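A single structure is presented below for examination.
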Amino acid sequence: MNRAPITTGVLDVQGVAIQQPDDESVAPEDAAPPRPEALSIPPVSVHPPVDLASLSLEALSTSEEVYFYELSWLDFNWRVLMEAYDARNPLLERLKFVAIAASNLDEFFSKRVGGLKRQNAVGLQNLKLAGLTPAEKLEMLSQAVRPMIKLQSDCLLDQLLPALAEYGVHLLDYAECTPDQQARLNEYFENVIYPTLTPLAVDPGHPFPFISNLSLSLGVQLRNPASGEIYFSRLKVPANRPRWTPIDTPMSFVPLGQIIIANLHRLYPGMEILSAYTFRVTRNADIARNEEEADDLLEMINDELRERRFAPVVRLEVDAAMDERMVEFLRAELELDSMDVYRIRGPLRQTDLFALTELNLPHLKFEPWLPLTPPRFVGIDRDTRPSDLFAAIRQGDILLHHPYQSFTVSTQQFIEIAARDPQVLAIKQTLYRTSNDSPIVSALIQAAERGKQVAVLVEVKARFDEERNIEWARKLEDAGCHVAYGLVGLKTHSKISLVVREEDDGVRTYFHIGTGNYNPKTATLYTDLGLISCQPDIGADILDLFNYLTGYSRQTSYRKLLIAPVTMRDRFMEMIDGEIAHASAGRPARIIAKMNTLDDPAVVQRLYEASQAGVSIDLIVRGNCRLRPGIPGVSENIRVISVIGRFLEHSRIFYFENNGEPRYYISSADWMRRNLSNRVEAAAPIEDPRLHEQLQHILQVSLTDHRQAWEMLPDASYRKRVPEDPNSPFALGTHLSLMEYTRVITKQSMIRATR
């Protein structure tokens with residue numbers, strides 16, 4: 001594999017100040033100037049400077065001074081938000097990136113800030129970041145996130161909404177509406193909204209009410225004309241009504257909160273309404289659990305869900321115009337510090353913008369992509385004889401690439417056909433996350449009802465999906481499936497399905513191993529890989545793995561699979577060491593690894609050592625990255641890129657050159673400490689040379705991307721690549737390139753099949 005060209009035109013993303021880049025921010029000097037719209041992306045960085053040259057390899061790999069998880073996470077969300085600023089993206093897609101960035105921040109505060117809040121509350125002052133306590137870390141994050149919030153609102157209010165108005169999409173203030181429009185909105189309030197509202201007074205007889213997590217509320221300040229006393233009332237904006245109320249046309253909307261504010265006199269007759277503003281709270285989702293002491297894992301998770309609902313508040317968002325008196329009242333009642341309060345210009349809960357992105361305006365969206373049927377599955381559907389599907393699998397390993405190829409007609413259909421095949425004796429599966437109306441779960445229930453042995457490991461500790469997974473587990477149990485709820489101390493994150501089938505020559509196992517969840521909805525949005533095969537060695541490994549998951553097996557070795565926390569870490573380290581040995585002997589040596597996050601200190605240190613030995617290393621890391629590339633004498637042979645775009649990069653691919661006999665693996669695991677040490681994960685070898693070509697192409701397209709790729713610099717900031725020639729293949733970006741590649745290989749396969 002040839003090394004991908006890395007350096008062409010790039011856009012710097014560094015410096016704390018939010019400012020438009022000048023001519024000097026484009027490098028190298030002889031590069032052709034990028035298109036003007038690409039330069040609309042403002043440069044940002046949240047990392048404090050570090051003297052990297054003074055640190056040992058161990059310190060570079062472990063020090064929180066070099067890698068602070070939360071700051072690295074904010075860097076990732078900056079890259080997401082910058083897609084909203086990129087005028088090359090269609091308008092409604094840019095709006096969607098604002099909503100995604102807002103949703104990401106909600107999770108960031110509930111999990112990451114919530115975790116630090118919990119540490120601070122229990123007095124863990126020995127946790128340091130360059131001498132910082134948890135409280136000081138919280139202060140640093142509060143300051144780092146404010147420019148992001150400002151840029152998010154600026155993008156929405158100053159760029160996207162005015163641009164959408166030119167296409168007839170209007171988000172109007174109530175005051176902007178005509179008298180006739182206001183009359184219709186008032187009628188809507190009276191007939192539809194008013195009956196659902198419950199104003200809550202706050203006074204000596206009415207304590208401050210419970211505010212549910214992420215709900216939208218109105219804080220109303222009132223005066224009693226008779227006594228002159230001033231009161232506060234909380235009013236919840238109903239979540240079961242559309243946030244954006246259409247008026248006159250399907251593309252003009254008024255925020256529901258403003259309609260309620262305009263009609264507050266109906267709720268508080270006889271009172272003088274002084275002011276009303278929206279606010280929102282975020283509660284801590286990082287709840288301490290002690291699995292070792294739990295008598296029942298399911299009961300422990302149910303207790304955690306109840307505790308999370310009433311967990312402490314970690315963030316208060318208020319309308320930027322809210323008067324200071326009301327802000328201080330809310331802050332005191334919610335027991336927050338000043339740094340926990342965020343004034344928002346424009347609408348709060350910008351995740352609700354997702355609804356507007358569904359408008360029927362195809363010219364303002366990415367060109368639709370309909371996932372293609374993998375060639376080996378052409379002609380196979382619900383009416384196909386099950387034996388035809390399994391015969392197709394016996395022809396050779398099948399590599400699936402979602403969303404370019406359809407999940408529904410491949411992985412989902414594999415389970416559905418197995419469920420109704422009379423020759424299938426058993427189905428075993430791990431479920432980490434799935435959809436609300438999961439066809440996979442329905443197929444497993446159907447299989448059990450048909451008398452097949454069905455064993456399912458449902459991971460009830462999958463954060464934010466615990467309640468849904470418990471519900472699925474109970475339905476599976478009610479249908480007669482054997483259900484395990486996970487292992488104490490470990491999350492089961494592997495994505496595996498096993499089908500045991502009786503055939504003329506004996507019992508054979510068929511399986512699917514994937515990098516993503518069994519969720520047909522996210523399979524159209526996340527890039528993931530899957531292997532469908534009937535290799536006996538891997539099938540035997542999967543049987544052993546399920547015995548480990550559901551029984552008391554203490555399996556310590558596997559034939560071909562890399563299994564965490566048993567063998568995966570050691571085998572990956574051995575393969576890195578193998579490349580070090582090849583480089584030291586003067587032989588070509590290369591590693592390419594694609595993942596979501598890289599933060600395991602031991603792996604990072606070994607990669608630094610590999611770079612020093614002369615191994616060429618390319619890392620495609622979508623999110624957090626502990627490793628710093630390009631440090632002289634340490635990591636000048638390492639490059640790190642992050643690909644952000646219309647699909648969420650989620651697949652994990654690991655390539656080792658191995659002196660001309662390349663090794664490829666796909667996996668459910670990132671190179672993270674939690675994945676390698678605290679989760680049950682699986683990595684599958686891809687051995688067919690035909691499939692090597694497909695994986696090589698996926699990696700190469702990412703590495704040569706100068707449309708969606710961001711390059712990491714030694715100071716941990718990122719700069720967006722900009723193509724010298726906007727008409728070059730590099731300017732297409734990873735996702736469009738892989739769409740075209742999938743069309744081509746599908747067409748070629750069809751031609752070969754008809755010869």
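Since every read-out is calculated from the coordinates, none of them should be taken as a lab result. The structure presented is a predicted model; accordingly, all values stated were derived computationally and were not measured. Reconstructed Cβ throughout: ideal geometry from the backbone, glycine too, with neighbour counts over all protein chains shown.
If you average the sequence gap of Cα pairs under 8 Å that are 6 or more apart and divide by the length of the stretch 570-686, what percent do you get for the contact order?
In percent, rounded to a whole number, it is 27.
List the pair-distance distribution P(r) of the stretch 170-364, using every Cα-Cα distance, as the percent of pairs falling in each 5 Å bin from 0 up to the bin containing the longest distance, rounded to whole percents.
Computed distribution, short to long bins: 1, 6, 14, 16, 17, 15, 12, 8, 5, 3, 2, 1, 0.
Within the stretch 364-467, which trypsin sites (Lys or Arg not before Pro) sit in a loop by DSSP and count at most 11 neighbouring Cβ atoms inside 10 Å?
Sparse-neighbourhood loop trypsin sites (Lys or Arg not before Pro): 382.
Report ³J(HN,Hα) in whole Hz for each residue of the stretch 167-181, in order, from the Karplus equation J = 6.51 cos²θ - 1.76 cosθ + 1.60 where θ = phi - 60°; Gly and Pro get x.
So the Karplus estimates, Gly and Pro as x, are 9, x, 9, 10, 10, 9, 6, 4, 5, 7, 6, 6, x, 5, 5 Hz.
Now, a different point. Could you give the alpha-carbon Rg of the stretch 418-549 over 2.2 N^0.38 Å, rounded to two decimals?
Ratio of Cα Rg to 2.2 N^0.38 Å: 1.01.
In degrees, nearest 10, range 0 to 90: what is the angle between the Cα axis of helix 601-612 and the longest Cα principal axis of the chain?
60 degrees
Provide the percentage of antiparallel DSSP beta bridges, counting only those with both residues in the chain; round to the nearest 5.
Roughly 70 percent of the DSSP beta bridges within the chain come out antiparallel.
How many angstrom lie between the Cα centre of the stretch 657-676 and the Cα centre of the stretch 88-107?
Using only Cα atoms to place each centre, the spacing works out to 31 Å.
To the nearest Å, what is the center-to-center distance of the stretch 488-541 and the stretch 337-385, using C-alpha atoms only?
Using only Cα atoms, the two centres lie 26 Å from each other.
Moving to a separate point now. Once you keep just the Cα pairs under 8 angstrom separated by 6 or more residues, what percentage relative contact order results for the chain?
For the chain, the relative contact order is 13 percent.
How much mean residue ellipticity at 222 nm does the chain get from its helices, if each DSSP H run of length 4 or more adds -39500 (n - 2.57) and you divide by all residues, to the nearest 500 deg cm²/dmol?
The helix-only estimate for the chain comes to -10000 deg cm²/dmol at 222 nm.
Tilt of helix 734-754 relative to the longest C-alpha principal axis of the chain, in degrees (0 to 90, nearest 10)?
The angle comes out at about 40 degrees.
Students often get this wrong, so check it: of 111/428; 428/491; 495/560; 111/491; 428/560, which have C-alpha atoms separated by over 21 Å?
111/428
So, one more: Ranked highest first by the average count of other Cβ atoms within 10 Å around their residues, in what order do 570-579, 343-352, 92-101, 730-739 fall?
92-101, 730-739, 343-352, 570-579
May I ask you to list the lysines whose Cα is less than 21 Å away from that of residue 365, ignoring any residue fewer than eight positions away on the same chain?
Within the straight-line limit of under 21 Å, residue 365 reaches these lysines: 96, 521.
I've got another one for you. Highest mean first, how do 506-515, 617-626, 469-478 rank when packing is the count of other Cβ atoms within 10 Å averaged over residues?
Put in order of decreasing packing, that is 617-626, 506-515, 469-478.
Cross-link candidates for residue 117: which lysines have Cα within less than 20 Å, leaving aside residues fewer than 8 places away along the same chain?
Correct list for residue 117: 128, 137.
Taking Cα atoms, how many degrees apart are the long axis of helix 689-703 and the longest axis of the chain, rounded to 10 and kept between 0 and 90?
Roughly 40 degrees, rounded to the nearest 10.
Roughly speaking, what is the centre-to-centre gap between the stretch 737-751 and the stretch 239-286 when only Cα atoms are used, to the nearest Å?
Distance between centres, Cα-based: 50 Å.
Under the Karplus relation 6.51 cos²θ - 1.76 cosθ + 1.60, θ = phi - 60°, what is the ordered set of whole-Hz ³J(HN,Hα) values for the stretch 134-140, x standing for Gly and Pro?
Computed from phi, the couplings for the stretch 134-140 are x, 5, 6, 5, 4, 4, 4 Hz.
Compare the Cα positions of 488, 213, 596 along the charge dipole of the chain (+1 at Cβ of Lys, Arg; -1 at Cβ of Asp, Glu; about the Cα centre) and return the one farthest towards the positive end.
488
Full-extension gain between residue 170 and residue 343, please, as 0.36 nm times their residue separation minus the C-alpha to C-alpha distance.
59.9 nm
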